[in-house]
Amino acid sequence: MAAQHLSRRGRRHPLGHHALATALAAARHDLPGPAAIAVLSPWLDLACTRSRHHPNAATDPYLPVGNLAAIAALLTPTGRPPASVLDADLSALPPVLIHAGTEEVLRGDAEDLVRRLHQAAVPARLKLWDGQMHVFQAFADLGAFLHAALTTTEVPSQWILRTSALAGGLGGEPRTVRGGR
């Protein structure tokens, strides 16, 4: 309920950024937050300052960095993207699972996120999928070559359920995450 309230404030962010920003806002307002977060190919630096310099910037087969800048302009009518969650204090976040493809430009955002989470002592895991593009899991119905996206032992939805249950987030009171863990 708290996350729904915070996410209805008219902000328009890519989903990975929004999920993390909403959980951080809930913690700042002393509201219940999620017991776990899973993000697929998160776009966290809407200004593209990091992704412009990533080796995949010129080779991403699905989402070239130039397209990211155009999308960011559509999402930020003021012309100023919101601050990146990568620059925030992430210590109030619950465990985070991150999936990204090795070929996508947002791989750098995913790698930066897991590094920052570890620095903040937040349990985090990054799964890089060899040869895959941005949110390849969404295309799982397109062919057997994506079968691995659905049969991994760490499917994000299963991970969230397992982690939430371990944290007492299912079948009981909502877990409140406050700064400092």
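We did not get these values from a lab; they are worked out from the coordinates using the rules stated. Bear in mind the structure is a predicted one, so any value in this text is a computation, not a measurement. Virtual Cβ from ideal backbone geometry, glycine too; neighbours counted across all protein chains shown.
Key figures
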{"item": "Cβ crowding within 10 Å averaged over residues, with 69-77, 115-123 ranked highest first", "result": "115-123, 69-77"}
{"item": "Amide H contacts of residue 132 (H built 1.01 Å from N, under 5 Å, at least 5 apart or other chain)", "result": "102, 103"}
{"item": "DSSP-loop GluC sites (Glu not before Pro) across segment 82-117, with at most 15 other Cβ within 10 angstrom", "result": "none"}
{"item": "Residue exposure sequence - 41, 84 - by fewest surrounding Cβ within 10 Å", "result": "84, 41"}
{"item": "Mean Cα-pair separation over length for segment 21-123, i.e. relative contact order, pairs under 8 Å, 6 or more apart, %", "result": "39 percent"}
{"item": "Inter-site label distance for residue 130 and residue 15 at 7 Å from Cα along Cβ, in nm", "result": "2.7 nm"}
{"item": "Fewest-first sequence of 105, 85 by Cβ atoms within 10 Å of each Cβ", "result": "85, 105"}
{"item": "From phi via Karplus (6.51, -1.76, 1.60), per-residue ³J(HN,Hα) for segment 114-124 in Hz, x at Gly/Pro", "result": "5, 5, 5, 5, 5, 4, 8, 6, 9, x, 8"}
{"item": "Fewest-first sequence of 60, 89 by Cβ atoms within 10 Å of each Cβ", "result": "89, 60"}
